[in-house]
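Structure first, commentary second.
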Amino acid sequence: MSIFSVADLRVTFGATEVVGGVSFAVEPGKTLAIVGESGSGKSVSLLGATGLLPPTASVSGSVRHKGDEILGLAAGDLRRRRGADIGFIFQDPLSNLHPLKTIGQQIAEAITAHRRVGRRELRERVLDLLADVGIADPASRVNDHPRQFSGGMRQRVMIAAAIALNPGLIIADEPTTALDVTVQASILDLLKRIQQAHGTAMIFVSHDLAVVSDIADDVLVMRAGHVVEQAPAELIYRGPRQAYTKALLGAARLGGLVTRAARPSLPAAPNLLSVSAVSRSFAGRARKGGPLIRPVLQDISFTVRENEIVGLVGESGSGKSTIGRLIAGLDQPDEGSLSIRDLVYSRPGPGGLAIDSKLRSDIQVIFQDPYASLNPRRRIRSILAEPLIIGTQFDAAKIRRRVEELVRDVELPEDVLDRFPAQLSGGQRQRVAIARAIALEPSLIVADEPVSALDVTTQAKIIGLLRTIRRQRNLSLLFISHDLGVVSELCDRVIVLEKGVIVEAGDTARVFGSPQHPYTRRLIDAIPGKALQPNPVPERIAAHG
């Protein structure tokens, strides 16, 4: 008997139907994966089925949990089921964790909202949960705030809160999107262990069929609010019937890396960016409340040449984003220096940061989260005009023309200029972020996980856009990512970072095709979807212009 079933679910906003006639069921101990591109109706279907949509939404059909009809259930009754019997893992930890509460308090709240638990027992349960989801030394981190955690670690905290009461059903909405491949693999293993231990049912929402292949028993494919195809996972992967399913499979990078074919060697370009013997530490809190210095980067040195894309890969917490912040002048090193075109602009100590308006324009950033990096109260026209107003002497007419050029450059229609960020898809928002980054004609862009929150088909489009912009504008990129598949497609060289130390670096094809360090091999081995390949260790070679 199914623990959760949906029949003919329909969701409308006003006169617009966004989900039409969706039906599915999941049994205890089984995983149903719901896959599709952004905007396909995956999340809206589940939010509607569990009473989490705003009052402006109209939901009809039938939703049964443990045999009980819950669609239209009183709000209090629904709240008692959610959290205790139905656990949720949402995609975006930045907007789902309270910034002013410790992570321990937030996990504890997920327990105490439904049960009475003694203080000592509660603390032990919270520490156990943090250990289960892979937080090292949980006793020293339980009183930290979300801002002190990397994006991947924040997602682990959300997972800990969702599984705190061992619910019979877990709804996981893109739970591994922001995680590196090794953490992703460990989280999938954790969810499998929970299923085996407790007979937990799971609905796993994802855009990535490679990830889904490692956990799903059944797969439901959605597009534009409707079910395209639904079958046991083996049938979906071995014999998809619909063209859309085949397209998703083609974009999923199932278990392999795309590395560049050998090309004629070109004269080495001059160095644009030089990072020299950089180290960085942060103050933390020791177990007994005393000071603790945590080293994040240790003796980091590398270069980025002109018109080159360099990939920086590593697990969450390895120091990737810290390097990006140092390069962008948003932080200073404890040791070492950073220079652009041999001009040192950042070194330790007071007055060590020497960034004038020219250099600030020359180094731009594309942040990871397009939801958080754009001002929600400003229209896109205003967002793109702001750097031009601050960084140029253009008059109003020239700024207006330049803004219109920017949206064309990133392949957006001009009508987005009069919209707010909330009115755009995730891929459109990230294109706006790219347009903002290139507005001042920079020489170097630090791209910090710019495609991690996007579905695989949108990722492919953004990768193509970045490649085109690099060629047209002769700029360089430091591409920070946990996704080795994306790095292999885009980057000329790759740097592998483990716990703040560079363990391997070199040409992308060489590093991924013949890794020398055990850590690099471990990252490659953790890529999802290998079971779907005829050869367990495939190597696809593709040339990019």
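The values are calculated or read from the model by the stated rules, or taken from the named source; none is laboratory data. All values derive from a computational prediction rather than experimental measurement. For neighbour counting, all protein chains shown are included, and Cβ atoms are generated from backbone atoms with ideal geometry for every residue, glycine included.
General observations
- Residue list for the range 401-429, filter: charged (D, E, K, R) and in contact (Cβ under 8 Å) with a residue 12 or more places away in the chain: ARG402, GLU404, ASP409, GLU411, ASP418, ARG419, ARG429
- Scanning the range 470-504 for residues that are surrounded by fewer than 19 Cβ atoms within 10 Å (Cβ to Cβ), in contact (Cβ under 8 Å) with a residue 24 or more places away in the chain and of a type in the set (A, V, I, L, M, F, W, C) yields one hit, VAL501.
- When residues of the range 447-500 are limited to those that are part of a strand (DSSP E or B) and over 20 Å from the mean Cα position of the chain (by Cα), the one farthest from PRO175 (Cα to Cα): SER476
- Scanning the range 56-89 for residues that are within 22 Å of ASP8 (Cβ to Cβ) and assigned to a loop (DSSP other than H, G, I, E, B) yields THR56, LYS66, GLY67, ILE70, LEU71, GLY72, LEU73.
- Restricting attention to the range 6-48, the residues being assigned to a strand (DSSP E or B) and either basic (Lys, Arg) or in contact with a helix residue (DSSP H, G or I) (Cβ under 8 Å, 6 or more places away or on another chain) (or both) number 11.
- Complete set of residues in the range 131-166 that are crowded, with 23+ Cβ neighbours inside 10 Å, under 23 Å from ILE293 (Cα atoms) and at pLDDT 90 or above: VAL157
- From the options ARG294, ARG378, residue that is over 21 Å from the mean Cα position of the chain (by Cα) and under 30 Å from VAL416 (Cα atoms): ARG378
- The residues listed here are ARG360, ARG287; of these, the one that is in a loop (DSSP other than H, G, I, E, B), at pLDDT below 95, over 30 Å from ALA509 (Cβ atoms) and touching a helix residue (DSSP H, G or I) at 6+ places or on another chain (Cβ under 8 Å) is ARG287.
- Restricted to the range 447-480, and to residues there that are at pLDDT 90 or above and of a type in the set (Ser, Thr, Tyr), the residue that is nearest to ARG521 (Cα to Cα) is SER476.
A quick yes/no check of all residues on (1) closer than 27 Å to ILE187 by Cβ; (2) among the aliphatic types (A, V, I, L, M):
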residue	(1), (2)
HIS65	yes, no
GLU69	no, no
ALA74	no, yes
ARG82	yes, no
PRO93	yes, no
ASN96	yes, no
ALA108	yes, yes
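- Condition broken by VAL63, with the remaining ones in (1) of a type outside the set (S, T, N, Q); (2) at pLDDT 90 or above; (3) surrounded by fewer than 17 Cβ atoms within 10 Å (Cβ to Cβ) satisfied: (3)
- Against the test of being basic (Lys, Arg) and either more than 18 Å from GLU441 (Cα to Cα) or in contact with a Pro (Cβ under 9 Å, 6 or more places away or on another chain) (or both), the options ARG379, ARG402 yield a single qualifying residue, ARG379.
- Taking every residue in the range 148-164 that is of a type in the set (Phe, Trp, Tyr) and pairing it with any residue that is at pLDDT below 90 and surrounded by 24 or more Cβ atoms within 10 Å (Cβ to Cβ), at least 6 positions away or on another chain, the pairs with Cβ-Cβ distances below 9 Å are PHE149/ARG156.
Here's the yes/no breakdown for (1) buried (at least 19 other Cβ atoms within 10 Å of the Cβ); (2) over 27 Å from ALA197 (Cβ atoms):
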| site | (1), (2) |
| --- | --- |
| ALA25 | no, no |
| PRO55 | no, yes |
| ASP68 | no, no |
| GLN91 | yes, no |
| ASN96 | no, no |
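- Highlighted here are the strands (runs of 3 or more DSSP E) found entirely within the range 155-235 that include at least 1 residues which are under 30 Å from ILE480 (Cβ atoms) and among the aliphatic types (A, V, I, L, M): 169-173, 201-206.
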